[in-house]
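Heads up, the thing below is written out as structure tokens.
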Amino acid sequence: MDKQEGGVAGEDEAVLLPLFERKAARFRGAYRVFSSTIMVGICLIWFYRLLNIPNGGGETGKFWAWIGMFMAELGFGIYWISTQSFRWNVSYTHPFKDRLSHRYEDKLPGVDIFVCTADPIMEPPTLAINTVLSAMSYNYPPEKLSIYLSDDAGSEFTFYALLEASHFSKYWIPFCKRFKVEPRSPGGYFDLDSSMQDNGFGQELLAIKKLYEEMKNRIESAIETGKIPKETKDQHKGFSEWDLHITKQNHQSIVQSLIDGRDINATDNDGHQLPSLVYMAREKRHHWPHNFKAGAMNSLMRVSTEISNAPFILNLDCDMYANDADTIREILCFFMDEKEGHEVAYVQLPQNYDNLTKNDIYSNAAFAASGVEFAGAGGYGAAFYFGTGCLHRRESLFGKKYSKRYRGQWNIETKKNVDRTISDLEEASKILASCSYEKDTEWGKEMGLIYGCPVEDIVTGLAIQCRGWKSVYYNPDRKAFLGVAPVTLDTALVQHKRWSEGMFQIFLSKYCPFIYGHGVIKLSVQMVYCVYLLWAPISLPVLYYVIVPPVCLLDGVSLFPEVSSIWFVPFAYVFIARNGHSIIESLSCDSTLKGWWNSQRMWLTRRTTSYFFGFLDTILRQLGLSQTKFSITTKVITEDVSRRYEQEVMEFGSSTIMFTIMATLALLNLFTLVGGIRKVVLDFRVLDQLIPQIVLCALVVVVNLPIYQALFLRSDKGRIPFSVLFKSMVLASLVCLIPVN
Ligand SMILES: O=c1ccn([C@@H]2O[C@H](COP(=O)(O)OP(=O)(O)O[C@H]3O[C@H](CO)[C@@H](O)[C@H](O)[C@H]3O)[C@@H](O)[C@H]2O)c(=O)[nH]1
Ligand SMILES: [Mn+2]
């Protein structure tokens, strides 16, 4: 074929075109210069601290406060330097799905999709089946798709909901494909305003919506009454697994096929094949550690090997429904690219949420993080694995090491198991999902997801990197997955505590990137990991900065250069440049100014509460005094809470110790600000010396305004409880009494 013609792309030419491209971020060079100037500023600050150490003599208090400031700034500076490893190499990836279809449409590989759920109360089964249904309706050959739902609660109601979903899918999938609706999670779709407009299929829409509502009502009323109708139970042999003795923590393994994709009669209402659908509850016994989500994933990996054994595995949390029907095709471009594809172990997409408010009060979106930082890690071929929204190559997840000779096995036929009946497969799978199966094996160590850490995802991603594989970060324009973000401050803080704790545990374990990754991954990648792994300890300098300078201010002890001194310049420059850049970065990632401001409050609150407690708990765990736990993020809310969330009013309500710390710090800064201003009014000459500390306190106060409101002005249920107010008043006053000199 004549390549010059250009019209119809010949196969030869098509082979030459890559399936994805990687582009360096704009302004990368300018950013490097800018960041070097901040670096100079930081060095000058360190230098200033060392040059001006107060002599111990009459001012021991000030001496120690000064040393502390130096340590804190050393901490901030070093941490900031490691964050630069992200921004140094930001690049964005873009797949070409049309080229993929053109070249490989009839050779597309099988994909197994794992959905994990763990608690029918905190994660309602209707939520999970919406995710399942969205995955079943991917624009992908159904005979190559298998969906597995892992239910760590072993709940009959979740099984029932999945059975309902398997019936509903016969209507839903053809509906989606015929009218090309998006998203393909029925709940997500019906919530859209556009779904209610007249789009030419009003009749069908009403009919399917009615079916969905009826199904939802049946599931919800079964849960409410605690009973599943007998006629329903007779529909599937699977219900016989549940007897009176089954509890969440104690049950046998259950593997039930709801749709057997090999069965030619398993078709939707248009006569098209349906994807396979399997329910799994791995065995749980009191005396066996179950290793949380990692344990569930590893069981899923084995069970799916037995049943479908697709070369690729997509992992979704139960709330993360698929928002774009073409995502699988897009992601496969990275794996099937002829030149680089065989090096890729996984492709991670960002976690997005469909319940964010305009200014994102709890800063859940992590705009800057998904826009820039993760793309920065991806720039090194070292994207993180974030647990959900990640497509893995089965072999690398199973523990295979990358070798230069490796050429990818994606074109192996998906296992057909022609000679085995579905009950044979179920029985064999049950053994694979039993507690004792993993005993004396490499599961949880060299195979599958790694155990012993509440952020199994990050540590597993790191281990895969260290086995020589690359990973890709891909942030598509249309969000690929949408989940449920925490809507109360408490849940948001607890989630971050789990993350910071888990990540610090990795740092202190044998998986510490500097040790485990030494000589295997680049230093820049080791640093990129550490930015996250060191969330917990970075709480210490932050706490220091919001406690000591204010207390010193009360006593008139100055800890910064005078405003008129030349040494003030680096402090001001670093502060302004850093924040200015952070504002620009957020705005360029589609956040609002108010959203940025809210993220600063959350930044402070997380560091002084979640990360601090994460730090303490990790230390206790190292000393053997506490155990790893995984507090599941609740995905349901009451109407009252939901209303306040919509209005972007912070929700406190409960009286956790985290709120006491938060309120104490807010009050302390308020008191000392008043005290500091009083000092200046009384003696104007100290203004020059004290103004930096006054500004620092004032910033903390201004950013915390919603907290004072919740302490003193609000009367709704979401306000800060009186007990917290009382405790924090007492604590803040006591701290104010600490004499510095
Ligand atoms: O014993 C457990 C605990 C949790 N899960 C599932 O794990 C997922 C994540 O739990 P969630 O409470 O939603 O935590 P998040 O903080 O939102 O999750 C993020 O962080 C976790 C690590 O801390 C990762 O496992 C997740 O994939 C990632 O989305 C959910 O689908 C749960 O059903 C289990 O299957 N078994
Ligand atoms: Mn979640």
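A few notes on this one:
- Residues of region 377-397 classified as within 16 Å of ligand 1 (Cβ to nearest atom) and in a strand (DSSP E or B), total: 3
- Residues that are on the phi > 0 side of the Ramachandran plot and among the aromatic types (Phe, Trp, Tyr) within region 290-339 comprise just one, Phe292.
- Checked against (1) over 30 Å from Ala710 (Cα atoms); (2) crowded, with 18+ Cβ neighbours inside 10 Å, Arg405 passes all but condition (2).
- Of all residues in region 401-410, none satisfies being at pLDDT 95 or above and not in a loop (DSSP other than H, G, I, E, B).
- Check on Leu133, more than 23 Å from the chain's Cα centre (by Cα), more than 16 Å from ligand 2 (Cβ to nearest atom) and farther than 30 Å from Met527 by Cβ: no
Residues are listed down the side, and each one gets a yes or a no for (1) within 16 Å of ligand 1 (Cβ to nearest atom); (2) outside the structural domain of Ser146 (by TED's automatic domain parsing):
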{"residue": "Thr305", "(1), (2)": "no, no"}
{"residue": "Ile328", "(1), (2)": "no, yes"}
{"residue": "Phe334", "(1), (2)": "no, yes"}
{"residue": "Val344", "(1), (2)": "no, yes"}
{"residue": "Val347", "(1), (2)": "yes, yes"}
{"residue": "Pro350", "(1), (2)": "yes, yes"}
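- Scanning region 594-633 for residues being in contact with an Asp or Glu (Cβ under 8 Å, 6 or more places away or on another chain), within 16 Å of ligand 1 (Cβ to nearest atom) and either in a loop (DSSP other than H, G, I, E, B) or free of Cβ contacts under 8 Å to residues at least 40 places away in the same chain (or both) gives a total of 1.
- Identity of the residue in region 331-359, within 16 Å of ligand 2 (Cβ to nearest atom) and either outside any strand (DSSP E or B) or more than 21 Å from the chain's Cα centre (by Cα) (or both), that ends up surrounded by the most Cβ atoms within 10 Å (Cβ to Cβ): Leu349
- Restricting region 314-327 to residues that are of a type in the set (A, V, I, L, M, F, W, C) and buried (at least 24 other Cβ atoms within 10 Å of the Cβ), the residue that is farthest from Pro95 (Cα to Cα) is Cys318.
- Residues within region 494-543 that are within 16 Å of ligand 1 (Cβ to nearest atom) and either in a helix (DSSP H, G or I) or under 15 Å from Ser610 (Cβ atoms) (or both), tallied: 19
- Test result for Ser257, at pLDDT 95 or above, away from ligand 2 (no atom under 16 Å from the Cβ) and among the polar types (S, T, N, Q): yes
- Of the residues making up region 318-330, one or more are of a type in the set (Gly, Ala, Ser) and away from ligand 2 (no atom under 16 Å from the Cβ).
- Test for Pro561: is it in contact (Cβ under 8 Å) with a residue 24 or more places away in the chain, over 24 Å from Ala375 (Cβ atoms), within 16 Å of ligand 2 (Cβ to nearest atom) and in a loop (DSSP other than H, G, I, E, B): no
- Cβ-Cβ distances below 8 Å connect the following pairs, each with a first residue in region 50-75 that is assigned to a loop (DSSP other than H, G, I, E, B), a second residue that is of a type in the set (D, E, K, R), and a separation of six or more residues or different chains: Pro54/Lys62.
- A count restricted to region 370-383 and to residues that are within 16 Å of ligand 2 (Cβ to nearest atom) and buried (at least 22 other Cβ atoms within 10 Å of the Cβ) stands at 0.
- The number of residues in region 78-119 being touching a residue at least 24 places away in the same chain (Cβ under 8 Å), part of a helix (DSSP H, G or I) and of a type outside the set (S, T, N, Q) comes to 12.
- The set of residues from region 423-471 being part of a loop (DSSP other than H, G, I, E, B), over 29 Å from Lys497 (Cβ atoms) and not acidic (Asp, Glu) comprises Ala433, Ser434, Lys439, Thr441, Arg467, Gly468, Trp469.
- Given (1) assigned to a loop (DSSP other than H, G, I, E, B); (2) surrounded by fewer than 17 Cβ atoms within 10 Å (Cβ to Cβ); (3) hydroxyl-bearing (Ser, Thr, Tyr); (4) in contact (Cβ under 8 Å) with a residue 12 or more places away in the chain, index of the condition Ser582 fails: (1)
- Residue, farthest from Ala322 (Cα to Cα), within region 472-487, restricted to residues that are away from ligand 1 (no atom under 15 Å from the Cβ) and crowded, with 24+ Cβ neighbours inside 10 Å: Val472
- Qualifying residues in region 284-313 (those that are more than 16 Å from ligand 2 (Cβ to nearest atom) and among the basic types (Lys, Arg)) - the one surrounded by the fewest Cβ atoms within 10 Å (Cβ to Cβ): Arg285
- Candidates in region 227-271 are the residues that are closer than 22 Å to Asn217 by Cβ and free of Cβ contacts under 8 Å to residues at least 40 places away in the same chain; of these, the one that is surrounded by the most Cβ atoms within 10 Å (Cβ to Cβ) is Lys233.
- When Val641, Val636 are checked against the criterion of being within 17 Å of Val487 (Cα to Cα), among the β-branched types (Val, Ile, Thr) and assigned to a loop (DSSP other than H, G, I, E, B), Val636 stands alone in meeting it.
- Of the numbered criteria (1) touching a strand residue (DSSP E or B) at 6+ places or on another chain (Cβ under 9 Å); (2) within 19 Å of Phe481 (Cα to Cα); (3) surrounded by fewer than 22 Cβ atoms within 10 Å (Cβ to Cβ), the one Asn139 fails is (1).
- Note on region 622-659: residues that are basic (Lys, Arg), surrounded by 18 or more Cβ atoms within 10 Å (Cβ to Cβ) and away from ligand 2 (no atom under 16 Å from the Cβ) total 1.
The values are calculated or read from the model by the stated rules, or taken from the named source; none is laboratory data. What you see is a predicted model; the values in this text were computed from it and never measured. A quick note on method: Cβ atoms are made from the backbone with ideal geometry, for glycine too, and the neighbour counts reach across all protein chains shown.
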